Amino acid sequence: MLNIDEAQRLVLSTATVLRPAPSPSGQSLGQVLAEDVASDMDMPPFDKSLVDGFAVRSADLVGGCGKLAIAGEVVAGDAPWGPDRTVASGTAVRIMTGAAIPSGADAVVMVERTQVESAAGAVQGSDRAVWSQARDGGSVAIRDDRFKPGQNIMRQGSEMTSGQVVLRAGTRLRAAEIGLLAAVGFGTAPVFPRADVSIISTGNEIVEADVRPGPGQIRNSNGSTLAAMVTEAGGAARYLGIARDTASDLERLVRAGLESDILLLSGGVSAGELDLVPDVLKGLGAREIFHKVSLKPGKPIWFGARERPAPGDGSSDRGSRQTLIFGLPGNPVSVVVCFELFVKPAMRRLMGFAEPLPRHVSAALAEDRSWRSDRPTYCPASLEAGDNGWQVRLVQWKGSPDLLALADSNGFAILPEGDHQKRRGEHVRVLRTEF
Ligand code: AMP
Ligand code: MG
């Protein structure tokens, strides 16, 4: 039987990267940039004020103090002053945060260190009232003992310059990068597309969540879990419904699912009489790449691929002409383990991630633990950052169907095969499922 590494290598060598396509930046959260992105302008595009206050010529102040005639006002959004206009010696211009520094000025004094007066002398009242009387013919007294020429001005191009590469190809877009794309004029960004993933639940006993199960029936949790994991991994999930354990019903849904980049089925891949999924897939032209991996839970997993005909309708080609197919064992914990180990890496490869495999940390066991197993076991676990690094508590787990244990966990502790006894504080590897 294949081990996990061998199976992951087969998945990654089968999966091919999708063709990059422009996508609205605001909808590209979690996607990977396919090209370097350069700014189309200096940032800031003009010298701008970092505070509300008065733009001054520093030569007019002595030790940060002076009294200057008010010569106007600039607010954010006003066009920068042209060459015909300048702040004359002995004057100051009221300025708002984000406004362009008027030419002639070389520093801004924040409003808290100033006091305005009307031509007739001191005025009382609200800031607005005082200003409305002082703006024409008034003056401003400045007292700023820490004054320095150039203060409170962000110079044009000091953040980035026109043509500068600000994001590299291969970057995964988070909120900060999405904002940066907007700032440099990329309302649309060149990204690898989201993997389109179809999901089918199988089983005669499965009913949807809003149905009260009859005798022998259980609710379909895998459909929801898989759709959520696909979305979380940056893919586009397409839930196709429940197939009964008959070849014809499976074929009907599988045919629809074969139009996606990836098709996920849960259930029907073990050795039972009604485990028809592998045969149905092969009957529809899928090539089996592996069946069964030395792993617990999740051993019966089936993986294959099927070529997809070129789109006849002239719709855009995604750069990949195959559907990757995962037949996941039906048990809810197996579904999650197999998704993390095999499906998510495949999705990430399609979506241009440089490092598609899951991340692990080494964590100290919170309790003594002994186990014996013929396969590496992925045990739902709760990982916490402690003073001395990661600490992991294995969640009480009653076997593969135990969804409650999963809900209580944020990763899987990997218990290697063989006979082991570990003391509290000894380390195990943990696959993180939440960041
Ligand atoms: P199977 O792999 O089809 O033999 O299913 C293994 C176990 O998982 C059985 O107990 C099934 O009832 C259960 N199971 C299969 N599909 C689902 C599903 N969609 N949601 C919840 N449990 C399931
Ligand atoms: Mg079944």
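The values are calculated or read from the model by the stated rules, or taken from the named source; none is laboratory data. Since the model is a prediction, treat every value here as computed from it, not as a measurement. No Cβ is skipped: glycine too gets one built from the backbone with ideal geometry, and neighbour counts run over all protein chains shown. For accessibility, only protein heavy atoms count, side chains too; no ligands or nucleic acids. Shrake-Rupley method; radii C 1.70, N 1.55, O 1.52, S 1.80 Å.
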From the list 50, 29, 18, 12, which residue is surrounded by 18 or more Cβ atoms within 10 Å (Cβ to Cβ) and either within 33 Å of the chain's Cα centre (by Cα) or modelled with pLDDT of 95 or more (or both)?
18
For the stretch 28-73, how many residues are touching a strand residue (DSSP E or B) at 6+ places or on another chain (Cβ under 6 Å), closer than 19 Å to residue 151 by Cβ and part of a loop (DSSP other than H, G, I, E, B)?
5
Give all pairs with beta carbons closer than 8 Å in which a residue from the stretch 303-322 that is at positive phi meets a residue that is charged (D, E, K, R) and at pLDDT 75 or above; count only pairs at least 6 apart in sequence or on separate chains.
319/19
Residues of the stretch 386-409 being open to solvent by 30 Å² or more (accessible area, probe 1.4 Å) and at pLDDT 95 or above, which ones?
389, 390, 391, 393
For residues in the stretch 238-291 being surrounded by 17 or more Cβ atoms within 10 Å (Cβ to Cβ) and of a type in the set (Asp, Glu), which is nearest to residue 196 (Cα to Cα)?
261
Might you check whether a residue that is in contact (Cβ under 8 Å) with a residue 24 or more places away in the chain, open to solvent by 10 Å² or more (accessible area, probe 1.4 Å) and either assigned to a strand (DSSP E or B) or away from ligand 2 (no atom under 16 Å from the Cβ) (or both) occurs anywhere in the stretch 327-335?
no
Identify all residues within the stretch 260-278 that are more than 13 Å from ligand 2 (Cβ to nearest atom) and within 20 Å of residue 334 (Cβ to Cβ); write none if there are none.
262, 263, 264
For the stretch 341-361, state whether one or more residues are assigned to a strand (DSSP E or B) and open to solvent by less than 50 Å² (accessible area, probe 1.4 Å).
yes
Quick one: would you say residue 124 is open to solvent by 20 Å² or more (accessible area, probe 1.4 Å) and among the polar types (S, T, N, Q)?
yes
Selection within the stretch 219-232 - in a helix (DSSP H, G or I), small (Gly, Ala, Ser) and near ligand 1 (Cβ under 9 Å from one of its atoms)
223, 224
If you go through the stretch 79-94 one residue at a time, do you hit one that is open to solvent by less than 30 Å² (accessible area, probe 1.4 Å) and aromatic (Phe, Trp, Tyr)?
no
So which pairs qualify, if the first residue must be in the stretch 154-182 and touching a residue at least 40 places away in the same chain (Cβ under 8 Å), the second must be among the acidic types (Asp, Glu) and outside any loop (DSSP other than H, G, I, E, B), the Cβ gap must be under 8 Å, and the two must be at least 6 apart or on different chains?
167/177; 171/177
Could you please tell me which pairs satisfy a Cβ distance under 9 Å, a separation of 6+ or placement on different chains, a first residue in the stretch 201-216 that is closer than 18 Å to residue 332 by Cβ, and a second residue that is hydroxyl-bearing (Ser, Thr, Tyr) and more than 13 Å from ligand 1 (Cβ to nearest atom)?
204/246
Considering each residue of the stretch 190-211, count those that are within 15 Å of ligand 1 (Cβ to nearest atom) and either of a type in the set (Ser, Thr, Tyr) or open to solvent by 10 Å² or more (accessible area, probe 1.4 Å) (or both), and give that number.
11
Which is farther than 30 Å from residue 174 by Cβ and within 16 Å of ligand 2 (Cβ to nearest atom), of 285, 257, 241, 214?
241
Given the options 13, 23, name the one that is without any contact (Cβ under 8 Å) to a residue 12 or more places away in the chain and either outside any loop (DSSP other than H, G, I, E, B) or touching a Phe, Trp or Tyr at 6+ places or on another chain (Cβ under 9 Å) (or both).
13
So which residues in the stretch 152-182 are in a loop (DSSP other than H, G, I, E, B) and either within 25 Å of residue 349 (Cβ to Cβ) or more than 37 Å from the chain's Cα centre (by Cα) (or both)?
168, 169, 170, 171, 173, 174
Taking the stretch 285-294 and keeping residues in a loop (DSSP other than H, G, I, E, B), within 20 Å of residue 329 (Cα to Cα) and more than 15 Å from ligand 1 (Cβ to nearest atom) leaves 286, 294
Among the candidates 187, 216, 235, which residue alone is away from ligand 1 (no atom under 16 Å from the Cβ), open to solvent by 30 Å² or more (accessible area, probe 1.4 Å) and either more than 30 Å from residue 35 (Cβ to Cβ) or not β-branched (Val, Ile, Thr) (or both)?
187
Report, by residue number, each residue of the stretch 295-314 that is assigned to a loop (DSSP other than H, G, I, E, B) and open to solvent by less than 20 Å² (accessible area, probe 1.4 Å).
295, 297, 298, 301
